[in-house]
């Protein structure tokens, strides 16, 4: 397992590279060009500048995300231009040594929460999903809530994109799940050969949460759908970002079974915990297994058992000790999460070594 840390760039992140460097075992900066709009080709000078910025002490093997333009998801005639831009971006990233690109195919919203700072029993705060509120809220009100008090843009909630919310909802009225599957297959057939030639593995992220919201189609929701996805373009460069937090919001998802079934097609893993409630709510807890509803220790053990050599990162963390940061992306809890993941991994390795010496 190769440990990474998501970083939003100088001037766009409250966490510095110097701080990340002090977290044991982190070798990969998980990055993106957040100022390039979805669908546009990434400029090579910006790519190289960021690579050079993080070169001292880190690799730049994982990009998260090269966002997919809505016209591609909608299957509009204009998608061809955006797909060509996507291909050229893949080629450029391959030239500088990128190994994995994480992306998603979620209509309109990349992820959904109702409260960015819900207080937990210990006084920390975390991202929270309240089912009853989602069932009754106007999506326009939710967009305003998410973006109301932050100088730091939330990934997937960029105001310039969501300014077109009315037309986007109108455009998706005729898009069924099957149509979205068709549009995804077309996208994969275009980009996977380019990724393969460039030495890159594409890794789709699950829908977050893994069910339909606001009547929009969602298809990356569980084991059966991932099985179908991998068959759409059966090639090692077509893979999965297995996110335990996104998938773990649904108690029917067996994360450990997915790790074993898809072991050859998981180049990237997000490992985080959530605490589920019987009414459909969930909140993001610490990474520690006992603090949530997801068997994080079992998940890390499963990765060790399959000989996982891909990339992983702690995902959303709580907000601790008064830290002012992008919601979910502070320093302290993600650093604690990394040390928990390494502790479980080291225990698994030690146990395996003892078994092998008998």
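What order, most packed first, do the peptides 327-335, 259-267 have when packing is the mean number of other Cβ atoms within 10 Å of each residue?
Numbers: 327-335: 22.0, 259-267: 17.9.
Listed from highest to lowest mean packing, they are 327-335, 259-267.
What does DSSP give for segment 2-357 in terms of the percent of beta bridges that are antiparallel, rounded to the nearest 5? It would help to have the intermediate numbers written out before the result.
Values: 9 of 34 bridges.
So the antiparallel bridges amount to about 25 percent of the total.
Pairs of Cα atoms under 8 Å, at least six residues apart: use those to get the relative contact order of the chain, whole percent.
Numbers: 627 pairs, mean separation 63.2, N = 358.
In percent, rounded to a whole number, it is 18.
Going by Cα centres, segment 77-113 and segment 205-281 are how many Å apart?
Segment 77-113 and segment 205-281 have Cα centres separated by 19 Å.
Rounded to the nearest 500, what is the chain's calculated 222 nm mean residue ellipticity when only DSSP H runs of at least 4 contribute -39500 (n - 2.57) each, over all residues? Please list the in-between numbers first.
Details: 14 runs with 141 residues, N = 358.
Taking each H run of at least 4 residues, the total per residue is -11500 deg cm²/dmol.
Could you put 220, 3 in order, starting from the residue whose Cβ has the fewest other Cβ atoms within 10 Å? Working shown, then result.
Numbers: 220 24, 3 19.
Ascending number of Cβ neighbours within 10 Å: 3, 220.
Please report the antiparallel percentage of DSSP beta bridges with both residues in segment 208-358, rounded to the nearest 5.
On the way: 3 of 10 bridges.
Antiparallel bridges: around 30 percent, rounded to the nearest 5.
In terms of the Cα gyration tensor, with a ≥ b ≥ c the square roots of its eigenvalues, is segment 1-150 rounded because a/c is under 1.5, prolate because a/b exceeds b/c, or oblate? Provide the component values of the computation, followed by the final result.
Working: a/c = 2.35, a/b = 1.15, b/c = 2.05.
It is oblate, given that a/c is not under 1.5 and a/b is not larger than b/c.
Rounded, prolate or oblate: which one fits the chain, using the alpha carbon gyration tensor with axes a ≥ b ≥ c (rounded when a/c is under 1.5, else prolate when a/b beats b/c, else oblate)?
Working: a/c = 1.28, a/b = 1.13, b/c = 1.13.
It comes out rounded by the Cα gyration axes.
Can you sort 211, 31, 181 so the residue with the fewest Cβ neighbours within 10 Å comes first?
Numbers: 211 13, 31 25, 181 17.
Listed from fewest to most nearby Cβ atoms, that is 211, 181, 31.
Sort segment 158-314 into rounded, prolate or oblate with this rule: let a ≥ b ≥ c be the square roots of the eigenvalues of the Cα gyration tensor; rounded if a/c is under 1.5, and if a/c is not under 1.5, prolate when a/b is larger than b/c, oblate otherwise. All intermediate terms of the calculation are to be shown ahead of the outcome.
Working: a/c = 1.92, a/b = 1.13, b/c = 1.70.
Taking the square roots of the gyration eigenvalues as a ≥ b ≥ c, segment 158-314 is oblate.
Laboratory data are not the source of any read-out in this text; all were calculated from the coordinates shown. All values derive from a computational prediction rather than experimental measurement. Don't worry about glycine lacking a Cβ; one is built from the backbone with ideal geometry, like all the others, and counts go over all protein chains shown.
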